[in-house]
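> I have a structure I would like to understand better, so I am pasting it below and will then ask my questions one at a time.
Laboratory data are not the source of any read-out in this text; all were calculated from the coordinates shown. Source: prediction; values computed, not measured. Cβ placement follows ideal geometry from the backbone for every residue including glycine, while neighbour counts extend to all protein chains displayed.
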Amino acid sequence: MKNIITLGASTSKKSINKELAEYTGSLLGNVNLIKVDLNNFEMPIYSVDIEAENGMPNGAKKLNELVESADGFIISFAEHNGAYSAAFKNAFDWLSRINGKVWREKPMLLLATSPGARGGQTVLDIALGRFPYMGGNIIGSLSVPSFFDNFKGGELVNSELKNELLKLIEDFNKSI
């Protein structure tokens, strides 16, 4: 059975991106979902000085072990001022110090959502531009605008968006 990491790239306890990533993972079927919560991986703010003085923090090592064991990733990005959340960017920075090809060329779906009409498209564009350089094998991506209108009762209710997501799931399933 394949191990798929779902990650809502936020530390919010009520993260809509975590909800979207886990919902998307649940559509895969016969996989072992590893639901990653960044709150469970304590790391200081990345600094070359901290790395030189203290080495790699245990949180980064543990997260890296999960990344290494995964067969694929479903990441949904919270957008903070048009970019990654500070927690995700920090984890990403630490992971890149362990292995510059952070994502190990493993298949990934990249998602974003927000309450607004752009649905986190700006941060999604950043990841789509950056991740291929960091070992990201991006199978597809989707921005879900107006989360609270399009996602209700634990599922995507907008039929156009849901059909697009189901096509991405089909492509992802073929790649893992």
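> Only Cα pairs within less than 10 Å get springs; with that Gaussian network setup on the chain, which residue of Asp149, Asp49, Asp125 has the largest fluctuation?
Comparing Asp149, Asp49, Asp125 in the GNM, the peak value goes to Asp49.
> Among rounded, prolate and oblate, which fits the range 25-124 when a ≥ b ≥ c are the square roots of the eigenvalues of its C-alpha gyration tensor, a/c under 1.5 means rounded, and a/b larger than b/c means prolate?
Oblate, because a/c is 1.5 or more while a/b does not exceed b/c.
> So, one more: Given the C-alpha centroids of the range 85-109 and the range 1-69, what is the distance between them in whole angstrom?
Their Cα centres are 9 Å away from one another.
> Name the longest site-free stretch of the chain, where the excluded sites are GluC sites (Glu not before Pro) in a DSSP loop with no more than 16 other beta-carbon atoms within 10 Å.
Longest run free of exposed loop sites: 106-176.
> Can you work out ³J(HN,Hα) from phi for every residue in the range 158-173, in order, using Karplus 6.51 cos²θ - 1.76 cosθ + 1.60 and θ = phi - 60°, giving whole Hz and x for Gly and Pro?
Those phi angles translate into 6, 5, 5, 5, 5, 4, 5, 5, 4, 5, 4, 4, 4, 5, 5, 4 Hz.
> Just to be sure I understand: of the beta bridges DSSP finds with both ends in the range 2-175, what percent are antiparallel, rounded to 5?
10 percent
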